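Here is the structure we will look at, set down as structure tokens.
The values are calculated or read from the model by the stated rules, or taken from the named source; none is laboratory data. Please read these numbers as outputs of a predicted model, since none were measured by experiment. Note that each Cβ is placed from the backbone with ideal geometry, even for glycine, and that neighbours are counted across all protein chains shown.
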């Protein structure tokens, strides 16, 4: 029974989807197809991410992470977190295992929030595409405002969430 506790949300959504077959089968089938497609996308992306994380864990010493984006990293750590997040590739859900790995290696909690924000909002290829469609001025302004918002979010997270001990 304890094992089912971890899966309560998944089971509740599955039950709702199945009960939807009674009231509106077309919508329930569309929801099922959407869920299947998303799970297939995750299944295609997550294994390579986990392999890279294994290599990261093996090759990158904890001291390196602590020195550059750890508790005493200051603005340098925030800048590096933005760079890491904006240069990374892949969908946002791939960032969370990376963030957990950074946490285990001693990264500062605010820098983890900054890394996630940058991954979500500041992708270098997307900035170039955005500039070609919406103009360089718009793209630079949006990116600058995003950076300010991400830094403020990191600061807020730093104040509201206690720094983890480094082990999960």
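Brief remarks on what is shown
- Options 84, 55, 64; residue that is out of contact with any helix residue (DSSP H, G or I) (no Cβ under 6 Å at 6 or more places or on another chain) and in the same structural domain as residue 146 (by TED's automatic domain parsing): 64
- The listed residue being over 17 Å from the mean Cα position of the chain (by Cα) and closer than 22 Å to residue 79 by Cβ, out of 124, 157, 148: 148
- Of the helices (runs of 4 or more DSSP H) entirely within the range 10-108, those holding at least 1 residues that are within 21 Å of the chain's Cα centre (by Cα) and either in contact (Cβ under 8 Å) with a residue 60 or more places away in the chain or under 24 Å from residue 148 (Cβ atoms) (or both) occupy 62-69, 74-87, 95-104.
- The requirement of being farther than 30 Å from residue 128 by Cα, in the same structural domain as residue 152 (by TED's automatic domain parsing) and either modelled with pLDDT under 90 or surrounded by 14 or more Cβ atoms within 10 Å (Cβ to Cβ) (or both) is fulfilled somewhere in the range 68-80, by at least one residue.
- Every condition in (1) farther than 15 Å from residue 157 by Cβ; (2) crowded, with 18+ Cβ neighbours inside 10 Å is met by residue 115 except one, and the failing one is (1).
- Residue 148 surrounded by fewer than 13 Cβ atoms within 10 Å (Cβ to Cβ) and in contact with a helix residue (DSSP H, G or I) (Cβ under 7 Å, 6 or more places away or on another chain): no
- Residues of the range 109-161 satisfying the condition of being touching a residue at least 40 places away in the same chain (Cβ under 8 Å) and not in a helix (DSSP H, G or I): 122, 161
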